[in-house]
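No value in this document is a laboratory result; all are computed from the given coordinates. None of the values given here were measured: they were computed from a predicted structure. A quick note on method: Cβ atoms are made from the backbone with ideal geometry, for glycine too, and the neighbour counts reach across all protein chains shown.
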Amino acid sequence: MEIPDKTGGSVNRLTSCIAAMVVAVFSFTLNAHADPITYEISSVASGQIGSTTFTNAEVDLIGTGDTANVTSFVVSGVTIFANPFSNFTVTIGGIGTATITDLSEIWAIPTGLGVPGVVWAG
């Protein structure tokens, strides 16, 4: 155990040591980068598309985006995240697959409870 001197030498050495450790830790962290991401939402639904009706059909929504394009905004104190799609398809079992050409994105509202929040694609 070192006894501090009156000039604060041991405190200065401790501070220097901690600062060096912090620099060493941060120099080994990975840089963030953007990646393509695919969102896939599946459910069973009934409805109508055009003049074709479907009942209890498997419906798959698949959208592709890029993590660099994620944005967030706050509404009434709730943070909402959005990511626009570069490609978006809807598949309805027994009917077929459609490529959505309108601008589309996914919105997510985290719950903070460790469970999925509200997700909306369109």
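Laid out as a table, the results:
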| quantity | calculated |
| --- | --- |
| Over the stretch 36-121, equivalent-ellipsoid semi-axes from the Cα gyration tensor in Å | 27, 16, 11 |
| Efficiency of FRET between Thr67 and Val44 - r from beta-carbon atoms, R0 30 angstrom, step 0.05 | 0.50 |
| Label-point separation, Thr89 to Ala34 (7 Å along Cα→Cβ), nm | 2.4 nm |
